[in-house]
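The values are calculated or read from the model by the stated rules, or taken from the named source; none is laboratory data. This is a predicted model, so every value here is computed, not measured. Glycine gets a Cβ as well: all are built from the backbone with ideal geometry, and neighbour counts include every protein chain shown.
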Amino acid sequence: MRVPTPGRALRLVAGAVALLLAVSVVLFVAVQVLPGDPVTQALGSTYTPERGAQLRAQLGLDAPVAEQYLRWLGGVLRGDFGTSAVTRVPVGPIVAERAGNSVVLAAAAFVLIAVLGVGFGLFAGARPGSGRDRAVSAVTLTLTAVPEFALATVLVAVFAFALGWLPAVSLVAPGSGPLSQPAILVLPVASLALYGGAYTARMVRGIVADIAAGPHVEAARIAGLPEHLVLRRHVLPSAAGSIAQVLALLVPYLVGGALVVETVFAYPGLGALLASAVRARDAVQVEAAGLVLAAVAIAGFLVAELIQDRSCPGRAVPMRPALGRLR
Amino acid sequence: MTRILTRRLRIVGLALVATPTLLAAALTLAGPHLAPHRVDAIVGIPYEPARTGLPLGTDHLGRDVVSGLLTGARGVVLVPVLAVALGSLVAVPLGLLTGWRSGRGSRLVLRGSELLLVLPPLLVLLIVVGSRAPAALIVAVIGLLGVPGSVRYLRAATARVAHSGYIEHAIAVGERRTAILTRELVPVLAGPILTDAGLRLVGSVYLVASLSFLGFAPVGGPNWATMVAQNADGGSLNPAALLAPGLCIVAFTVSVNLLADRLAGRLRGDR
């Protein structure tokens, strides 16, 4: 393993911050400026020029666009995401609560995906071309094809409607967290983990299969080393960096997956908030949820870059979401 | 003998894998004409279970589920195909150029396209939808989201052939750049170009289906994914209204994915 030079690490972090700023500009322009005047929409048939001017001044929409943007960004940095023109309440507290719920869901899914993905990936990749490798590859290829909402629908039909074991929607009582009723987490986590686990297993399988075909592993096997020691001493150490990178890139995946899965189960997370805000044309909420989700995705990507820098300089990144496969 | 047998098995397997995709394509063309009822016609009460004349019952508004299924292939087939075609218009020239000429411009294109890989595509799409972009722009964005991956893929494929003798020969003979691209590179790279389009189709179908499910279908009309979303509440009253479109989506996406994977595997030389 090589430790990244501080200079390169700093450059990567600066790049990530610059990208996030660029995203914030695009987001603000796309949501606040392009769709037209939010005040006329919010007031609807009660619109009069005086009322419009009043609400516009109240929401700070009478300033030039650049000033509005800077004021918004300044607020965001202080944790103030502005006031929604649709609901007329500050968005910050809602975003904070929703983000907490999403973290619970995503963390549970992440752990399950990591265990399943690395486990099955090792199991299949240690013996490339074997029967178990082909079986795992066939199942994971099929699973990675199915959109989360379709998986979730099937799970709901079976476990909620047919068997009645688990709730079909994941409502969280106001004032309590999702952990007070763990049953509501099961189906959303399963929906995320089936795709994520299958994808991770495929990536890990590829990494491990490359290494397992190498001469040092063959030599260890010929020398009669037990299989678990071959894996632990000769395969895992060289695979660890790439596997860690695969796991870091799960973060952007979970951001995208949360958009769909939270909506399916009406789970009160940030992804469902974004989807419903887009539907309600609530610009301030779209900006807030969009920016936080983008920041999380960029952070995951940054970690992956830093890991790549550490463990395998010059080696092609295995898990770049190439080929349009990663969601 | 066994060789003939395994070959036959392989053909049967391919036929099985390809059937849902072919069916979806056929329904895209002919489905609306086969539908027994008009898609928007109310033929019963909401969520009516199957009965004679309505083999899969009715949906949340009391419309015929079978007619919806026959008509709804269009929404999940046409837009992805269009998006892939648009994406190829950008990805193929960029991939070939960056693979052939590794100068400063190529590096810039690569770095720029990597930026697009950072954000989850669905997040980008929701923001585009939130800006009330017209349908054409949404389709274009779906197409563009696949471009960065394609550029990397095609660039690698191009670099493998670009430094072989005959391209250098063409340069030496004085062929013009565009001629080398279209006459020398594209024919040799037809396989990778097609495979890349197939892989991009997988991603586009996923994005269009998920977007439709969330209620933001790029084009209106019935659509398997929107049917799943709309009938989710009636799962206990008429399960067919929910499960039939769900199974159509699953069969179609799995089929497209397996076909693209076979294409890619064939190119890698797997048998």
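Brief remarks follow.
- Scanning segment A:256-271 for residues that are within 11 Å of chain B (Cβ to nearest Cβ) and either under 18 Å from A:E97 (Cβ atoms) or among the basic types (K, R) (or both) yields A:A258, A:L259, A:E262, A:T263, A:F265, A:A266, A:L270, A:G271.
- Any hit, segment A:219-226, residues being buried (at least 19 other Cβ atoms within 10 Å of the Cβ) and among the charged types (D, E, K, R): no
- Once segment B:234-254 is narrowed to residues that are in contact (Cβ under 8 Å) with a residue 24 or more places away in the chain, under 17 Å from B:T21 (Cβ atoms) and more than 8 Å from every other protein chain (Cβ to nearest Cβ), the residue that is surrounded by the fewest Cβ atoms within 10 Å (Cβ to Cβ) is B:A251.
- Residue in segment B:187-196 that is surrounded by fewer than 24 Cβ atoms within 10 Å (Cβ to Cβ), more than 13 Å from every other protein chain (Cβ to nearest Cβ), in a helix (DSSP H, G or I) and free of Cβ contacts under 8 Å to residues at least 12 places away in the same chain present: yes
- Residues that are in a helix (DSSP H, G or I) and either of a type in the set (F, W, Y) or crowded, with 22+ Cβ neighbours inside 10 Å (or both) do occur in segment B:52-65, at least one of them.
- Of the helices (runs of 4 or more DSSP H) lying entirely inside segment A:1-111, those carrying at least 3 residues that are in contact with an Asp or Glu (Cβ under 9 Å, 6 or more places away or on another chain), of a type in the set (G, A, S) and within 14 Å of chain B (Cβ to nearest Cβ) are A:6-28.
- A:V292 meets each of the listed conditions (1) β-branched (V, I, T); (2) farther than 16 Å from A:F149 by Cα; (3) under 15 Å from the mean Cα position of the chain (by Cα); (4) within 10 Å of chain B (Cβ to nearest Cβ) apart from (4).
- Test for B:V208: is it modelled with pLDDT under 85 and more than 22 Å from B:E48 (Cα to Cα): no
- Just one of the numbered conditions (1) assigned to a loop (DSSP other than H, G, I, E, B); (2) away from chain A (no Cβ under 13 Å); (3) over 30 Å from B:P134 (Cα atoms) is not true of B:R183: (1).
- B:V109 surrounded by fewer than 24 Cβ atoms within 10 Å (Cβ to Cβ) and either hydrophobic (A, V, I, L, M, F, W, C) or farther than 29 Å from B:A170 by Cα (or both): yes
- Residue check for B:A170: hydrophobic (A, V, I, L, M, F, W, C), within 24 Å of the chain's Cα centre (by Cα), in a helix (DSSP H, G or I) and more than 30 Å from A:V284 (Cα to Cα): no
- Some residue of segment B:102-114 being within 30 Å of A:F149 (Cβ to Cβ) and either of a type outside the set (V, I, T) or modelled with pLDDT under 85 (or both): yes
- A:E262 passes every criterion in (1) surrounded by 24 or more Cβ atoms within 10 Å (Cβ to Cβ); (2) more than 30 Å from A:A160 (Cα to Cα) apart from (2).
- Residue within segment B:103-120 that is outside any helix (DSSP H, G or I) and more than 26 Å from A:L270 (Cα to Cα) present: yes
- Residues satisfying the stated conditions in segment A:63-83, i.e. farther than 20 Å from A:L293 by Cα and surrounded by 15 or more Cβ atoms within 10 Å (Cβ to Cβ): A:Q68
- Selection count where residues are under 22 Å from the mean Cα position of the chain (by Cα), over 26 Å from B:S212 (Cα atoms) and not hydrophobic (A, V, I, L, M, F, W, C), scope segment A:98-155: 4
- Residues being of a type in the set (S, T, N, Q) and more than 13 Å from chain B (Cβ to nearest Cβ) - total across segment A:138-184: 4
- Residue list for segment B:205-233, filter: within 8 Å of chain A (Cβ to nearest Cβ) and not in a helix (DSSP H, G or I): B:L214, B:G215, B:F216
Each row is one residue, and each column tells you yes or no for (1) over 25 Å from B:A217 (Cα atoms); (2) modelled with pLDDT under 80.
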{"position": "A:Q285", "(1), (2)": "no, no"}
{"position": "A:A289", "(1), (2)": "no, no"}
{"position": "A:I298", "(1), (2)": "yes, no"}
{"position": "A:V303", "(1), (2)": "yes, no"}
{"position": "A:C312", "(1), (2)": "yes, yes"}
{"position": "A:R325", "(1), (2)": "no, yes"}
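- Filtering segment A:226-271 to residues that are more than 15 Å from the chain's Cα centre (by Cα) and within 30 Å of A:V156 (Cα to Cα) leaves A:V264, A:F265, A:A266, A:Y267, A:P268.
- Residue selection: B:V76 satisfies the criterion of being of a type in the set (V, I, T), within 14 Å of another protein chain (Cβ to nearest Cβ) and crowded, with 18+ Cβ neighbours inside 10 Å.
- Segment A:272-286, residues that are facing chain B (nearest Cβ under 9 Å) and either touching a Phe, Trp or Tyr at 6+ places or on another chain (Cβ under 9 Å) or part of a helix (DSSP H, G or I) (or both): A:L274, A:A275, A:A277, A:V278, A:R279, A:A283, A:V286
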